[in-house]
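Trainee: Next up is a structure, given as structure tokens.
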Amino acid sequence: MKIADSVYLFIITIFLVVYYLVCAVYLNKLNYYNHESLFYIEKTKIVFEGLGNRLKTMGLTAPLVPFYATFMFMPLSYTLAPALASAIGTAVLFNIMASTAAKRLKDNGYVLLLLVIFLFHPGIIYTAASGKSIYLILIFLFLFFLNLFKFYRSNTTFHVSIASISLVGLIFCDYKFVWLTLFFLPLILAITIHSLNLSEKESIFRLFISFNSPSLRRKLANKTFALYIILFSLPLVAVLCYKLLNLTHASDLNYFSESPYATWNVLIDKLSFDQQSTNTYYQIPEISLLLSARVVLFAPMIVIAIYLFRESTYQVLTILIPFAFIEFLHIKYDKVFLSYQYYLIFMILAYLCVVMKAHTVKNQRMFKLLLLAAVLVQLYAGWYYLRNSSVDEEKKFTKVLVDRTEENIDTENIDIANYLNSLPVDAHVLVDDAIAYPIVAFVKDIKPIIMPYEGSFLSALESPDKYVDYIVVSTARNAESGYTQLNNKYITIIRRNISNLNFRKVYETDNWTVYRVITNATGSEFGRVVSR
């Protein structure tokens, strides 16, 4: 039986979808959610159910591609939509990779190795069941490098065009990948030099010959410029247009990457770093120049890939570009920990490189055993890295998956949302979704909720008695309290500025308090305080 046949690959893909969905639903029953998936749920609710001008939310919520990818699953379930998207998307990633291996090698062994990774690697399970956008990053990254390697083999610019489109998708899944273009600038020159019809094999001598010949120099310049245009013009123009869209609708070129109303990670990354780095028992493992060593331990197959391409300098440089990329990210974003997805790209890239060059290995049996050993090491390293991650959300995933314990913070958000759901249908609630989007994500009807995307939010903020009946306020114990106007200081200021206005607690948790807005004349109409 050839499992590499398209029919069998389709059946395996469907099986993986079911497998990942079971994991996702299991985690959902334990109230596991993450900030990214909750952010998409809340913004999608605004788009489909909100009142007022929702165009800004629809067009400027970032990352854009993962946000839109959840839309098609929203009719099934708001809370499960991101997990459904990631489960199906991860299975599609397997199908793309397995189909590539099947076309190149016609060998069941390499597809089976890939299947082992997609069944048991904790990073892949995390990608599929968490509802995060990692699956899209890995898909576009695989297509990007796949088409680059196809271009190296065929010298057809069509593949460069497809790589450029994949790079656009990659950037709109994670804006940090825009910096990847910096490291391809010298590589394009190396590729162009290699494409010249010269007898000399060494790149440095080919460059010397080209510079000393007017015709070759002109040809080198033209081909280099053409490749730059084909590969980088579309991504750069797309980013420029998107920035102009942000400037038009939000009066800020970088609104999509710097505003907590546009992206989920602008506050979460900072808070994660602050909490971890202030821990007296914590030692930061991400030391520059050691990240690459951690990558090799995480994905040892990348060493095998580099060895297979050892005779082609520019192809080895292509494999090394992601190493330079993560070192650059560590320096530029020194207050943000390197998340798990940046390690996963090396595992995907390594498998692609092995598929591209495996046919050149004479002893296939020993080579497959070596790959199997590398895969087993990757399974252990993947689990160890995820369980001991510097990012709190990644450690939380393993805790819920293995220990089967409900996450207290997510349970708290659900409790607040349930209380808001129990309020009268005509009761209006003031909420700042810069940090309260996990609560709004669980609210059944968001129409009575006034949030910053609505024009009446600022007026309700200044005169809550005229617009709302309840206010959701962040407590002093909430780590995100300093990033919202709706905190204890706000209550104090409003009480001082509006003499006949008062607030009464009606529901309280560790991080949130729900206040009923009253006037002194109606203070006796209050119900009892509910706490947990």
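The values are calculated or read from the model by the stated rules, or taken from the named source; none is laboratory data. What you see is a predicted model, and the numbers here were worked out from it, not measured in a lab. Here Cβ is always computed from backbone atoms with ideal geometry, including for glycine, and neighbour counts include all displayed protein chains. Side chains are part of the model used for accessible areas, which takes the heavy atoms of the whole protein and leaves out ligands, DNA and RNA. Shrake-Rupley method; radii C 1.70, N 1.55, O 1.52, S 1.80 Å.
Trainee: Would you check which residues across segment 230-264 are touching a residue at least 60 places away in the same chain (Cβ under 8 Å) and over 15 Å from Thr57 (Cα atoms) and list them?
Mentor: Hits for segment 230-264 are Ile230, Leu231, Phe232, Ser233, Leu234, Pro235, Ala238, Val239.
Trainee: Also, I was wondering about something else. Scan segment 46-61 and tell me whether some residue there is touching a residue at least 12 places away in the same chain (Cβ under 8 Å) and within 17 Å of the chain's Cα centre (by Cα).
Mentor: Yes, there is a match, as at least one residue in segment 46-61 is touching a residue at least 12 places away in the same chain (Cβ under 8 Å) and within 17 Å of the chain's Cα centre (by Cα).
Trainee: I need the full set of residues from segment 296-349 which are in a helix (DSSP H, G or I) and of a type in the set (D, E, K, R), in order please.
Mentor: Hits for segment 296-349 are Glu327, Lys332.
Trainee: Let me ask something else. Any idea which residue in segment 382-407 is most open to solvent (accessible area, probe 1.4 Å), counting only those that are part of a loop (DSSP other than H, G, I, E, B) and touching a residue at least 60 places away in the same chain (Cβ under 8 Å)?
Mentor: Top of the filtered list is Arg404.
Trainee: Go through segment 88-116 and give me each residue that's open to solvent by 10 Å² or more (accessible area, probe 1.4 Å) and under 21 Å from Ala373 (Cβ atoms).
Mentor: Leu105, Asp107, Asn108, Gly109, Leu112, Leu113, Leu115, Val116, listed by residue number.
Trainee: Let me ask another. With respect to Ile287, is the statement that it is within 30 Å of Met58 (Cα to Cα), at pLDDT below 85 and either in contact with a Pro (Cβ under 7 Å, 6 or more places away or on another chain) or β-branched (Val, Ile, Thr) (or both) true?
Mentor: Considered against the rule, which asks whether it is within 30 Å of Met58 (Cα to Cα), at pLDDT below 85 and either in contact with a Pro (Cβ under 7 Å, 6 or more places away or on another chain) or β-branched (Val, Ile, Thr) (or both), Ile287 comes out as no.
Trainee: Would you point out which residue out of Val468, Val473, Val440, Val429 is touching a residue at least 12 places away in the same chain (Cβ under 8 Å), more than 25 Å from Ile498 (Cβ to Cβ) and among the hydrophobic types (A, V, I, L, M, F, W, C)?
Mentor: The unique qualifying residue is Val440.
Trainee: Out of all the residues in segment 164-183, which are touching a residue at least 40 places away in the same chain (Cβ under 8 Å) and small (Gly, Ala, Ser)?
Mentor: Ser164, Gly169 - these are the residues of segment 164-183 that are touching a residue at least 40 places away in the same chain (Cβ under 8 Å) and small (Gly, Ala, Ser).
Trainee: In segment 361-372, is there at least one residue being within 30 Å of Pro260 (Cβ to Cβ) and surrounded by 14 or more Cβ atoms within 10 Å (Cβ to Cβ)?
Mentor: No, segment 361-372 contains no residue that is within 30 Å of Pro260 (Cβ to Cβ) and surrounded by 14 or more Cβ atoms within 10 Å (Cβ to Cβ).
Trainee: Hey, among the residues in segment 479-496 that are touching a helix residue (DSSP H, G or I) at 6+ places or on another chain (Cβ under 6 Å) and farther than 23 Å from Lys45 by Cβ, which one's least open to solvent (accessible area, probe 1.4 Å)?
Mentor: Across segment 479-496, the extreme among qualifying residues is Asn487.
Trainee: Something else now. So for segment 216-229 (the condition being modelled with pLDDT under 85, part of a loop (DSSP other than H, G, I, E, B) and either closer than 30 Å to Asn155 by Cα or open to solvent by less than 70 Å² (accessible area, probe 1.4 Å) (or both)), does at least one residue qualify?
Mentor: no
Trainee: Condition test on Ser312, is it closer than 18 Å to Gly123 by Cβ and either in contact with a strand residue (DSSP E or B) (Cβ under 6 Å, 6 or more places away or on another chain) or modelled with pLDDT under 95 (or both)?
Mentor: no
Trainee: Taking the stated definitions as given, is Val391 more than 20 Å from Ala129 (Cβ to Cβ) and of a type in the set (Val, Ile, Thr)?
Mentor: Spelling it out, it is not the case that Val391 is more than 20 Å from Ala129 (Cβ to Cβ) and of a type in the set (Val, Ile, Thr).
Trainee: Applying the selection to segment 126-172, what residues are part of a loop (DSSP other than H, G, I, E, B) and touching a helix residue (DSSP H, G or I) at 6+ places or on another chain (Cβ under 7 Å)?
Mentor: Those that are part of a loop (DSSP other than H, G, I, E, B) and touching a helix residue (DSSP H, G or I) at 6+ places or on another chain (Cβ under 7 Å): Ser130, Gly131, Lys132, Ser133, Asn155, Phe172.
Trainee: Could you figure out which of (1) at pLDDT 90 or above; (2) more than 25 Å from Val266 (Cα to Cα); (3) of a type outside the set (A, V, I, L, M, F, W, C) isn't true of Thr44?
Mentor: Condition not satisfied by Thr44: (2).
Trainee: Examine segment 259-276 for a residue that is open to solvent by less than 50 Å² (accessible area, probe 1.4 Å), assigned to a helix (DSSP H, G or I), aromatic (Phe, Trp, Tyr) and modelled with pLDDT under 85, and state whether such a residue exists.
Mentor: yes
Trainee: Scan segment 104-125 residue by residue and report those that are in contact with a helix residue (DSSP H, G or I) (Cβ under 9 Å, 6 or more places away or on another chain) and charged (D, E, K, R).
Mentor: Arg104, Asp107 - these are the residues of segment 104-125 that are in contact with a helix residue (DSSP H, G or I) (Cβ under 9 Å, 6 or more places away or on another chain) and charged (D, E, K, R).
Trainee: Within segment 361-381, which residues are among the polar types (S, T, N, Q) and outside any helix (DSSP H, G or I)?
Mentor: If the condition is that a residue be among the polar types (S, T, N, Q) and outside any helix (DSSP H, G or I), then Asn363 is the only one that fits.
Trainee: Related question: Among the candidates Ala101, Ala83, Ala91, single out the residue that is small (Gly, Ala, Ser), within 17 Å of Val354 (Cα to Cα), assigned to a helix (DSSP H, G or I) and in contact (Cβ under 8 Å) with a residue 24 or more places away in the chain.
Mentor: Exactly one residue qualifies, and that residue is Ala101.
Trainee: Can you tell me which residues in segment 120-145 are open to solvent by 10 Å² or more (accessible area, probe 1.4 Å) and closer than 14 Å to Thr100 by Cβ?
Mentor: Ile139, Leu143
Trainee: So Ala81 ticks every box in (1) under 19 Å from the mean Cα position of the chain (by Cα); (2) open to solvent by 30 Å² or more (accessible area, probe 1.4 Å) but one. Which box is left unticked?
Mentor: Failed condition: (2).
Trainee: Among the aliphatic types (A, V, I, L, M), in a loop (DSSP other than H, G, I, E, B) and either over 30 Å from Ala81 (Cα atoms) or open to solvent by less than 40 Å² (accessible area, probe 1.4 Å) (or both): which single residue out of Ala460, Ala476 fits that description?
Mentor: So the residue among Ala460, Ala476 that is among the aliphatic types (A, V, I, L, M), in a loop (DSSP other than H, G, I, E, B) and either over 30 Å from Ala81 (Cα atoms) or open to solvent by less than 40 Å² (accessible area, probe 1.4 Å) (or both) is Ala476.
Trainee: Something else now. Can you confirm whether Asp445 is closer than 19 Å to Glu412 by Cα and open to solvent by 20 Å² or more (accessible area, probe 1.4 Å)?
Mentor: yes
Trainee: Okay, next question. Residues of segment 286-343 being in contact with a Leu (Cβ under 6 Å, 6 or more places away or on another chain) and open to solvent by 50 Å² or more (accessible area, probe 1.4 Å), which ones?
Mentor: Within segment 286-343, Leu317 is the sole residue that qualifies.
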